[in-house]
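Here is the structure we will look at, set down as structure tokens.
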Amino acid sequence: MFGSQHLAAAIRRENDYREAYMEETFGLQDYSDREPVRSRDVVCGKVVEEQSAPAKMEYDGEMLYFCSAACKQRFEEEPSRYIGQRVKAAVRPPR
Ligand SMILES: [Zn+2]
């Protein structure tokens, strides 16, 4: 069984990775000091601004943001499916 500490740590690692990856992929500037914090919808992969996210929920100590209530609902129905994808996605793809 997944220990919640282990899972939270895996998500944090993925978050670190994701910031670097997004900067590289989309050419984002350093947005951390003046633009709203962006987070990825784990269901559909869309980037949402945390402050204006249409839906959000706390899961295992992490706040997750969704682009819509529908995505949040899909996550609630099967959270391990989407969290599992996040952890797997932490492996850096070859360039
Ligand atoms: Zn979504």
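Among residues of region 58-84 being under 15 Å from residue 14 (Cβ atoms) and hydrophobic (A, V, I, L, M, F, W, C), the one that is surrounded by the fewest Cβ atoms within 10 Å (Cβ to Cβ) is 63. For residue 8, are the conditions met, namely being over 22 Å from residue 81 (Cα atoms) and either part of a loop (DSSP other than H, G, I, E, B) or at pLDDT below 95 (or both)? In short, no.
Could you say whether any residue in region 30-40 is within 18 Å of residue 83 (Cβ to Cβ), within 16 Å of the ligand (Cβ to nearest atom) and modelled with pLDDT of 75 or more?
Restricting attention to region 30-40, the residues satisfying the condition of being within 18 Å of residue 83 (Cβ to Cβ) are 39-40.
If we keep only those that are within 16 Å of the ligand (Cβ to nearest atom) too, we end up with 39-40.
When the remaining residues are screened for being modelled with pLDDT of 75 or more, the result is 39-40.
Within region 30-40, one or more residues are within 18 Å of residue 83 (Cβ to Cβ), within 16 Å of the ligand (Cβ to nearest atom) and modelled with pLDDT of 75 or more.
The values are calculated or read from the model by the stated rules, or taken from the named source; none is laboratory data. Just so we're clear, the structure is a prediction, and the values are computed from it rather than from any experiment. For neighbour counting, all protein chains shown are included, and Cβ atoms are generated from backbone atoms with ideal geometry for every residue, glycine included.
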